[in-house]
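Everything on this sheet refers to the single structure shown next.
The values are calculated or read from the model by the stated rules, or taken from the named source; none is laboratory data. Bear in mind the structure is a predicted one, so any value in this text is a computation, not a measurement. All Cβ positions, even for glycine, are placed from backbone atoms using ideal geometry, and neighbour counts span all protein chains on display.
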Amino acid sequence: MLGLINLLMRLLSEKQKQYLYSEENINRMRKLSFKKGNIPFHKGKKIWENKQHPRGNLGKKKTPEELKRMSLRVQGEKNPMFGIRVEKAVERMKSERNPIRCGQVKMSRTKPEIRIIELMEKYKLPYRYTGEGELWIGSINPDFIHSFGKKKIIEVFGNYWHDPTKIKNLSFQRTEEGRKKILSKAGWDCLIIWEKEIKEMEEESIVKIIRSFTDRKS
């Protein structure tokens, strides 16, 4: 409500604003306002007693006949999912509900990712950052891919978000084993560098690992 009022206020011209706050308009509004001593029409009544109110049927159990009628409304061709195979429906829902793919959420680079980007630039390593939604392999958005066509991916894993001992029911693709297995099936070779490794290892050691991975035959 406040947001709507603020929007309306921005749309008003200076003249309209001056009149709105003028003494003449304030006195007029006072006369129109609720007079002291009058009884509100809804005093002593609950909002949901009004059947036309959205909450009018709150707590009321539906009869078997009503439930049957509700079911018939979405059967066959009346159902919006009619004629769509389950696999296609799931893919459609994933794409519609993924705010990152839809461009509604701007992804930000993590500190470990920024550190690896700095090393890539400093040592002229042939990888580019794609972790902001530029490339998708199935439902995976890799952090780095090889710049010159090799099917090589480097993923930077945070200590918390990819650790099954810290997150219950962590999805398989977010684990180290799962990520490598899924990308391997898609034909990609994957190197995973953990946040703790970036913090503890010397930069020369990290660069050596990346170069060794790049030269390795898939």
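Among the residues of region 132-149, which ones are of a type outside the set (Ser, Thr, Tyr), on the phi < 0 side of the Ramachandran plot and free of Cβ contacts under 8 Å to residues at least 24 places away in the same chain? If you could, list the steps in order and put the result at the bottom.
Of all residues in region 132-149, those of a type outside the set (Ser, Thr, Tyr) come to 132-138, 140-146, 148-149.
If we keep only those that are on the phi < 0 side of the Ramachandran plot as well, we get 132, 134-137, 140-146, 148.
Listed by number, the residues that qualify are Glu134, Leu135, Ile145, Phe148.
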Within region 117-154, how many residues turn out to be part of a helix (DSSP H, G or I) and out of contact with any helix residue (DSSP H, G or I) (no Cβ under 7 Å at 6 or more places or on another chain)? 5
Among the residues of region 157-175, which ones are modelled with pLDDT of 90 or more and basic (Lys, Arg)? Arg174
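Per-residue answers, yes or no, for (1) of a type in the set (A, V, I, L, M, F, W, C); (2) over 23 Å from Ser212 (Cβ atoms); (3) in the same structural domain as Glu121 (by TED's automatic domain parsing):
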{"position": "Ser147", "(1), (2), (3)": "no, no, yes"}
{"position": "Val156", "(1), (2), (3)": "yes, no, yes"}
{"position": "Phe172", "(1), (2), (3)": "yes, yes, yes"}
{"position": "Glu176", "(1), (2), (3)": "no, no, yes"}
{"position": "Lys180", "(1), (2), (3)": "no, no, yes"}
{"position": "Leu183", "(1), (2), (3)": "yes, no, yes"}
{"position": "Ala186", "(1), (2), (3)": "yes, no, yes"}
{"position": "Leu191", "(1), (2), (3)": "yes, no, yes"}
Output the residues belonging to region 171-218 that are part of a helix (DSSP H, G or I), in contact with a Phe, Trp or Tyr (Cβ under 6 Å, 6 or more places away or on another chain) and hydrophobic (A, V, I, L, M, F, W, C). Val207
Does at least one position in region 193-201 carry a residue that is on the phi < 0 side of the Ramachandran plot, loosely packed, with under 13 Cβ neighbours inside 10 Å and more than 28 Å from the chain's Cα centre (by Cα)? yes
So which of Ile137, Ile154 is surrounded by 14 or more Cβ atoms within 10 Å (Cβ to Cβ) and at pLDDT 95 or above? Ile154
Of all residues in region 157-190 being in contact with a strand residue (DSSP E or B) (Cβ under 8 Å, 6 or more places away or on another chain) and of a type in the set (Lys, Arg), which is surrounded by the fewest Cβ atoms within 10 Å (Cβ to Cβ)? Lys180
